[in-house]
Each structure stands twice: as structure tokens, then as C-alpha cells.
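Please read the structure below before turning to the comments.
The values are calculated or read from the model by the stated rules, or taken from the named source; none is laboratory data. From a predicted model like this one, the values you see are computed outputs, not experimental measurements. Virtual Cβ from ideal backbone geometry, glycine too; neighbours counted across all protein chains shown. Surface accessibility is based on the protein's heavy atoms, side chains included, excluding ligands, DNA and RNA. Shrake-Rupley method; radii C 1.70, N 1.55, O 1.52, S 1.80 Å.
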Amino acid sequence: MQLLLLIFRFEWRQFLRQPAQLFILLFFLLMGLYGISNGYRFTEKQLAGLDSLAQNQRARLQELTGRFHSDTTTAKGKILAAQAGLPQMIEFKAPPAASNPPYGLTVMAIGQRDILPYFDIISSKRDILTPPNAEIANPEKLASGNFDYSFVLIYLFPLLIIILSYDLFSREAEQQTDRLLSVQSGDINRILLYKFLFRLVIISLLVNTISFIGFLIHPHTTALHLPDVLLWLLVTNTYLVFWFAICRLVIIFRKSSSVNALILIGIWLLLTLILPALTNKTASLKHPMPLRTELVSSQRETMTHTWEMPIPQLLEKFYANNPQYLKLKSTADTAAYGNKRFVAYYDLLGRRMNSNINAYKAAAERHNNWLNQMAWFNPVAQMQGLLNATAETGLSDYLYYQDQTTIFQNQWVKLMNSYLLSNKKLTLSEIENLPSFHPVKDQAKSARILKNILSIWLATILLLLITAQKKKTISNN
């Protein structure tokens, strides 16, 4: 312990005497804060969009309820009063919205929230794949990604670790102080370990300081839970330990500073750029990610084909698929523009589109699952997935939200159909108490993150074991 404190005091004094290292730390601090500011602006933008949507819905709902109090002494008032409570008018004027709001850690890791829809307009017409629900993905944004704090953590902080660690032993050898250290301490490897620990503490303090700033400035309208904060700190510090383990393994071979720098930069390029690019390219070939625009095109074709079906055939299919409505069957069902024809049309359209939607989800899950499996062989890719999962900004989180949206839409369709098929209106009380969407938190998220983080720890332990074996070999020689 005395040697540890001595090394820490010495390294701290050396650190303060080197303005270049202080400047580098300041630069990374500014990069981290800039990444958080980008995430904050993005989060505020989505929150403003959801707030505008909620205000618009409240105004439209208030306009609907105001129809019950219209002045029937005027022609316009009579029309408004006649339309009060019509289910068609409710869906036209104030359909409910399912939203996927950003959470507190979105300011740290934007993930794929910038290319995926974060709200859906719900309707018995089952048109979640048409505008405004279907956004066209920006290919430039998809390719370039976001400069957020997760980007700084994953790609830039390993470079900081390399800069501060690559010459820990070679510098002593080049200054011919390694033998002196061996004589004084008896084990230069222990001194190198303490030097690594000092740098790990410094960089960990920097990373955690930036993280706590992000925790503090997150929008107060977003949820920030203690388990998510602890998971974030665990994931980020695990990543730092992994990169220090890589540097220690390279340095234990006691090569020159230039060789160490080249090897470490090569490892950084391999893990951060080359392997992820190869993995993503293989995933796109092996399990292509489907485009939502293809689903939109398919829906248009299906809509045309379904609408052109003979009305009696369309209604027969509806009653066969929904026997609970057989008691409402009558000879007047075949009206060209009757409620029953529209209900039957959208019911069959939804069933036909479900197969395409399920195929889309299955393809997306295969793509995502394959990438998750390959991430076990690349801690950098695993780190990206872990940060996105902690911030709930990844593809898996979007698919989970879409499953909740489907459940709510089925509930809404069942409610609207009960009025449309019976030609009934909603009362004022029923309109004021219409169901609304409430996102449910994924309870399995924490367990999934803890399971996936094992791959980084296993890689770190493997690196430490190889380092220990190499150190033993050098000591024996």
C-alpha cells in the first residue's frame, strides 16, 4: 500500500507538470460535454414534438366535446350537434396517439431514435404504415450516425487511454531508469500496474464526471431511474477496464514506444472500425434489414385489392373472422358506403397486412439477434448495444414499443367497431374517458444488459490471464 501511494503521488506530480496531458484531458472533457449537448438538443426536439402532438389532441378533443353543447338554433349548430359522438368523427378529428418518449439517458446515447418513428397515430383503419406514422429514413443520417456522448465513449476515450499508456514501460527503458526501479522496488511489473491504476482512476473520474453532468442536465420531463444510472456507470467503467487490459498486454511485451503505439492504434482500428463494418456488411447480406417504405408500398397494393372485393364476399369473410358480430348481420349490410362495409374492409386489410408486418418484425429481429450474437466477439460493438439498451434507444427497444402499440390498437379497434357496427354514438362521458396509450417499461432490460456485459468481462479476464502468463515467462527468463 505504501508503494501504491508513493506511485500515485509521483504520477500526480508528473501529471501536473505536463501541460500537454492536461490539455488532452480538457479536450476530451469538452468533447464529452459537446456530445451531451447534442443529445440534449435532440431529446428536447422530440419532447417538443410530443408536447405539440398532445396539445393538438387536447384541443381537438375539446372541440369534439364542445359539439354536445352546440347552439341548435343555427344551421351550423345543428350540424355540429348531429355529428356529436359519431365514432367516425372521433377518429377523424382526435384519434389517439401511441408515443415512445425519450428517457433520461437519451441525452447520453441517441442510438437509433433519430431514424425510427417515436409516435404512431392509432385508428381502426390500421394504417400505422402510412404518413404521418411512416417516416422516410434519411440515408445520410443513417450512415453518419450521431456525435453524442456514447460516440465519445466508444471511439475517442480508447484513444485517450492509448495516448496516456502506450509508453509506460518503454519510456523507462529509453531513459534507462527501468533497472533502477527494479533494484528499488524489486518488481517493475508491480510499478507498471500501479501506473496503470493511476491512469484508470484519472480517466474513470473524467468519464464519471461527464456522466453525472449528463444525469443532472437531462430534461425533467424525461424519466431517469437509479437502476439505469447504475447500469450506465457499470457499462462505461467496464469498457475502460477492457481497454486498459489491452494496453497492459501490449506493453508487457516491452517493445519500443513507436511499436506499442502502432500496435495499439491497429487494435483500435480493428475493433472500432474494421470488425463492426465487416459484421454489419455480413448482417446485411445474411439477414437483410427490411425497409418500412417497402411495407408502405405493399399496403397500397393490398388496400386496392381489398377494396375491389365484392361487398358480399368481403362481409362473409368479416363475419367468419369475427363470429361475435353475427347477431348484427342484416340484409342492409351490402350498402356501398355503409359502416359495416368499411369495418369489414379495414378488418380484412389489417389481417392481410399483419402477415407483412410480422414478416418485417421477424426479419428485423433476425438481423438484430445476429448482430447481438456477433457482438459477443467484439466488445466495442457490445458496448454500443449496451449503451443503447441502457438508454432505451436501440432497435430492440423500438420493436418492444411497436408490440405495445399493436396491443393498444387492437383495443381501440374493438372499441370503435362496437359503435360502428351498431350505428351508435358515443356519449359525452364516453368521449371524455376514451382509452389512452401508456408505454410500459421493459422489465427484462436490466437482466439482458447484465448478461451481455459478461462478454466484455470475459474478454478482459482473458487479456489479464494472457498478461499474467507472459509476465511469468519474462520473470523466469
**Cα-based Rg of the chain normalised by 2.2 N^0.38 Å, two decimals** = 1.31
**Prompt:** Taking a ≥ b ≥ c as the square roots of the eigenvalues of the Cα gyration tensor of segment 290-402, is the shape rounded (a/c under 1.5), prolate (a/b larger than b/c) or oblate?
**Reply:** prolate
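Give me the one-decimal Kirkwood hydrodynamic radius in Å for segment 190-232, with the sum taken over alpha-carbon pairs. Numbers along the way, then the final one.
Working: mean 1/r = 0.0816 Å⁻¹.
After inverting the mean inverse Cα-Cα distance, the result is 12.3 Å.
Based on the Cα gyration tensor of segment 39-105, what are the three equivalent ellipsoid semi-axes, each the root of five times an eigenvalue, rounded to whole Å and given largest first? If you can, show how the numbers build up before the last one.
Details: eigenvalues 250, 24, 9 Å².
In descending order, the three semi-axes are 35, 11, 7 Å.
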**Fill in**
Expressed in nanometres to one decimal, the distance between label points 7 Å along Cα→Cβ at Q469 and L5 is 3.8 nm
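Assuming a ≥ b ≥ c are the square roots of the Cα gyration tensor eigenvalues, decide whether segment 216-345 counts as rounded (a/c under 1.5), prolate (otherwise, with a/b larger than b/c) or oblate. Before the final figure, lay out each step's value.
Values: a/c = 5.22, a/b = 2.72, b/c = 1.92.
Taking the square roots of the gyration eigenvalues as a ≥ b ≥ c, segment 216-345 is prolate.
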**Message:** Need one value: the accessible area of L156 in square angstrom, 1.4 angstrom probe, rounded to the nearest 10.
**Reply:** 40 Å²
**Item:** Too-long pairs where the Cα-Cα distance tops 24 Å, listed order kept, from K78/K329; K195/K471; K45/K451; K76/K125
**Value:** K78/K329; K45/K451; K76/K125
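Using a 1.4 angstrom probe with every protein chain in place, what is the largest-first accessible-area order of E316, E63?
Working: E316 100, E63 75 Å².
Output order, biggest surface exposure first: E316, E63.
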**Prompt:** Along segment 242-252, what does the Karplus equation 6.51 cos²θ - 1.76 cosθ + 1.60 (θ = phi - 60°) give for ³J(HN,Hα), rounded to whole Hz, x for Gly and Pro?
**Reply:** 4, 6, 5, 5, 5, 4, 5, 5, 5, 6, 5
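Carbon-plus-sulfur fraction of the accessible area of the chain, 1.4 Å probe, in percent? Present the calculation step by step, with values, prior to reporting the outcome.
Working: 15060 of 24210 Å².
After summing per-atom areas, the C and S share lands at 62 percent.
What is segment 378-433 by shape, rounded, prolate or oblate, if you read a ≥ b ≥ c off the alpha carbon gyration tensor as root eigenvalues and call it rounded for a/c under 1.5, prolate for a/b larger than b/c, and oblate otherwise? Let's see the in-between values first.
Working: a/c = 9.69, a/b = 3.72, b/c = 2.60.
Prolate.
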**Asked** Between L159 and L399, what is the FRET efficiency for a Förster distance of 41 Å, r being their Cβ-Cβ separation, to the nearest 0.05?
**Response** 0.75
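Quick check: convex hull of the Cα atoms in segment 1-123, volume per residue, rounded to a whole Å³?
Details: hull volume 21.5 nm³, N = 123.
Taking the convex hull of the Cα positions in segment 1-123, it is 175 Å³ per residue.
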**Computed accessible area, D403, all protein chains, 1.4 angstrom probe, square angstrom** = 70 Å²
**Fill in**
Quick tally, 1.4 Å probe accessible area for E91, E44, sorted with the most first, runs E44, E91
**Prompt:** Any idea what angle helix 311-321 forms with the longest principal axis of the chain, computed on alpha-carbon atoms, 0 to 90 degrees, nearest 10?
**Reply:** 60 degrees
**Request:** Please give the per residue accessible area of the chain, computed with a probe of 1.4 Å over protein heavy atoms only, in Å².
**Result:** 51 Å²
**Karplus (6.51, -1.76, 1.60) ³J(HN,Hα), θ = phi - 60°, over segment 333-338, in Hz, Gly and Pro reported as x** = 5, 7, 4, 4, 10, x
